[in-house]
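Data block below; observations after.
The values are calculated or read from the model by the stated rules, or taken from the named source; none is laboratory data. If you're wondering where the values come from, they're calculated on a predicted model, not measured in any experiment. Backbone-built Cβ (ideal geometry, glycine too); neighbour counts: all protein chains shown. In case anyone asks, the SASA skips ligands and DNA or RNA and just uses the protein heavy atoms, side chains included. Shrake-Rupley method; radii C 1.70, N 1.55, O 1.52, S 1.80 Å.
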Amino acid sequence: MAFLVFNSGQCLAAVSASLFMMVCGSCFVWYQQASPKLLVPDPIVLMTQIKMTWTLSVLEFGVLLSPFLAGMITDCWGRKTALLFATPALVGSWIITMFRKNNINAFYSLRILLGYALNFIYTVSPIYLSEIAAPNHRGKVCGLMHLMWNFGYLSECLVKPLLKAVDNMHLNLILTIIVFFVYLAQPESPYYLIMVRKCNQQAFEALKRLRPTQTDEATVEELAQIGNEFESENSNQASWWSLVATPVDRKILMITQVLTTVRYASGTILISYLGEKLITNILNISNPIDNHYLLLFNGFIMLVTTTSVFTVDFIGRVPLLIISQIGITASHLVSTVIFWLHDHSDTDISDIFPATSLMIYLSFFSLGLGPLTHIIQTELFPSHNRGYGSVITMVNMTLTCLVSNRLFIVLNSLFGLYANFMFFTVVSLFGLVFTCLYLPETKCKTFTQIRACLSLPKLSCDENKC
């Protein structure tokens, strides 16, 4: 409650920016929920299974179209402007699909534009949220991004049975436009205003809106602290070279990219789909699109994510990540054994056992590895490198997803499903060891303190409490 009362400006700006994740999540799930209706005898559009597979894959092409543009706009025109650039793609995707809903190319366009918008939002949102947040609330503020994605997923599951596909399109289009105008009224990042535009007065006004109960003297002091952070950095000129210019920069790049690879190579996308499929199978649901079981399933994941977001500033990033990765590794190991027994023995393995194991995975993933990866990334990269760092992370994420999806097909055809979970177990175990050895605790620390920690051994850094 204190977070809402005493940081109302910061809370409003954070929620407004995070709403873009909600509309993207809703758009993402709309296709997933509607896709079975594309294959029925009287479909929305005539589509074969191969064409549907292509509509799923072209999302990655949209993601690859925009990372460098997103990074450039973030550093040149501002975090707020860059985030607003996602709106035309989202609006355009709905308009094209509504007016050409019986055309396969409209569905291709929907997925490509969604990938384009999703990349902008994933690149810019963590930067904006981390820069408007007070150090003691940064975990909650940045965690809203992942929370809103899940909320968009949950809301679509709730609304889908009540509306026709076309009416749902209209609702999502209206919601996207409303989110645009709500966020349009929010302030720009004070870090950007000082770092790039050198507008101290505008930065002061923006910070006063974000901290309405803070005195002018405290606001001036916080602005001075932001200015000192830039002076303490070796360079305030953003460039690709600056990502590896010093040992600390190289350490940051290594930590962020390893965590990103572990996050997406541990089977996130596959298991999210497989978990829902198994749950519908064990409950003998004939039409999984129009049932309340998936709503309960996604509501539980939402609850776990909320727990993570509102405890991360109290428990800390490293403990939550360690707990999360222990649970993920254990669930993958159990799934490996279950699917191996299914393929290589006469043991009767009920669907309820793999479904339970995958539910445990999704719970532990939503507790730590899912929401915390983006938080840690924005905390570790210095202000002048956040745009370029986010671009590298998005490219890494896209390539990891493409390779992982292809590897899944290869391992499944050569050895069976258990081989994939064995691979996920190894990746998760590696991520756990890496977290214990290299990841510093960042809760409650300013960006200057975080950078100072990175030049110290991990133990010394963790002892430097805020």
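Does CYS142 meet the test of being assigned by the TED database to the domain that holds PHE99, buried (at least 20 other Cβ atoms within 10 Å of the Cβ) and closer than 22 Å to MET394 by Cα? So CYS142 passes the test. Counting just the residues of the stretch 170-184 that are under 23 Å from the mean Cα position of the chain (by Cα) and among the aliphatic types (A, V, I, L, M), which one comes out most open to solvent (accessible area, probe 1.4 Å)? Checking each candidate, the answer is ILE178.
Among the numbered conditions (1) within 30 Å of PRO135 (Cβ to Cβ); (2) at pLDDT 85 or above, the only one that ALA419 does not meet is (1).
Select from the stretch 357-378 the residues that are more than 15 Å from the chain's Cα centre (by Cα) and open to solvent by less than 10 Å² (accessible area, probe 1.4 Å) and write down the one among them that is modelled with the highest pLDDT.
Restricting attention to the stretch 357-378, the residues satisfying the condition of being more than 15 Å from the chain's Cα centre (by Cα) are 357-361, 363-364.
From what is left, the residues that are open to solvent by less than 10 Å² (accessible area, probe 1.4 Å) are 357-358, 361.
Working: SER357: 76, LEU358: 77, TYR361: 86.
Checking each candidate, the answer is TYR361.
None of ILE194, ILE174 is closer than 24 Å to GLY92 by Cα, without any contact (Cβ under 8 Å) to a residue 60 or more places away in the chain and not charged (D, E, K, R) except ILE174. Please state which one of THR219, THR213 is among the hydroxyl-bearing types (Ser, Thr, Tyr) and open to solvent by 70 Å² or more (accessible area, probe 1.4 Å). Of the residues listed, the single one that is among the hydroxyl-bearing types (Ser, Thr, Tyr) and open to solvent by 70 Å² or more (accessible area, probe 1.4 Å) is THR213.
When ASN172, ASN168, ASN150 are checked against the criterion of being within 29 Å of THR256 (Cα to Cα) and either out of contact with any helix residue (DSSP H, G or I) (no Cβ under 7 Å at 6 or more places or on another chain) or in a helix (DSSP H, G or I) (or both), a single residue qualifies: ASN150.
Would you confirm whether or not the stretch 416-430 contains a residue that is in a loop (DSSP other than H, G, I, E, B) and more than 16 Å from GLY316 (Cβ to Cβ)? Yes, there is a match, as at least one residue in the stretch 416-430 is in a loop (DSSP other than H, G, I, E, B) and more than 16 Å from GLY316 (Cβ to Cβ). With the condition kept exactly as written, say whether any residue in the stretch 180-193 is at pLDDT 85 or above and in contact with a Phe, Trp or Tyr (Cβ under 6 Å, 6 or more places away or on another chain). Scanning the stretch 180-193, I find at least one residue that is at pLDDT 85 or above and in contact with a Phe, Trp or Tyr (Cβ under 6 Å, 6 or more places away or on another chain), so the answer is yes.
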